[in-house]
Every structure is written in C-alpha cells, then in structure tokens.
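Only one structure is covered here, and it is reproduced in the block below.
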Amino acid sequence: MSVSQFVPAAAAEIFDLLATPKMHAVIDGSGSVRAELNGPARLSLGAKFGMSMRLGVPYRITNTVVEFDEGRRIGWRHFGGHVWRYLLEPVEGGTLVTEQFDYSTNRANWFLRAINAIATNEVSMRNTLLNLAKHFS
C-alpha cells in the first residue's frame, strides 16, 4: 500500500525528521505513536529503536531499520515482519514523499485483517503525510 504527498521542503530536511525517532509522534496520523522510548538520536541501517504506542491499549514496540539510503529512502520493521517505508523524490519546490506499508512479508496477515489494519492504515498514512507537509509549511 502506498500514498504520496507533496511536501514543501528539501528531501534532506524531510529525511532528517524521519530519521529522528523522537519526531515520529509529531507527524503520526494514526494517533497510535506516543513517544520514543529508546534508541539512537538519528537512525541508520540496522539501528533499533523502541516506541511507546497505543492502539486501544498501550504497548511498546521495537523496530529495526532495514532500508536506509540517505536523503532518499528509509524503512523499518518490527517482529510482525511488515515494513514501514518512506521514499523521497525531489521535485520543483519541494519533495514528493511516498509512505508505504509493505505487509507482503508480514508473519500474521490474518491478524492485520482481524484488526482491519490494512484498510485503516491508508487513512493513517494520508494523515501522516499531511502532518508532514504542515510541519514544513
């Protein structure tokens, strides 16, 4: 699943925000990301970072960065196996940001379907990208 949004900022600025876990709650469009728990100040390939989350009930999740191309692409996954990815493409006046929820490698697609995550994630992703655009406006 992919959604895209024009963001009026340079790809490097956007990438810096995405690579900073403590900023994830600022742009989260799902309402589930609460705060960074632990991890590096800035992400890199293989970095692990923990987040405080709430989806009905509070929980904690540890993610691992599995894709990292400075200024262009960053993605992470947790124990479920699916990947959250951001692709940045410079365009005139800013950057086209694409957020992807890749559940093709998920270990429990039945669970994602049971909690309606696949359908609700598209709305959350659109909200996240709108929040990202507003952050740089």
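A short reminder: the numbers here are calculations on the coordinates, not readings from a lab. Please read all numbers here as calculations on a predicted model, not as lab measurements. Every residue, glycine as well, gets a Cβ built from its backbone with ideal geometry; the counts of neighbours run over all protein chains shown.
Above 24 Å lies some portion of the pair distances; for the chain, what is it as a whole percent of all C-alpha pairs?
Values: 2210 of 9316 pairs.
For the chain, the share of Cα pairs beyond 24 Å comes to 24 percent.
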| request: Before anything else, pin down the relative contact order of segment 2-135: Cα pairs under 8 Å, at least 6 apart, normalised by residue count, whole percent. | output: 29 percent
| request: Counting other Cβ atoms within 10 Å, keep those with at most 14, restrict to DSSP loop, and tell me which chymotrypsin sites (Phe, Trp or Tyr not before Pro) in segment 1-92 are left. | output: Phe79
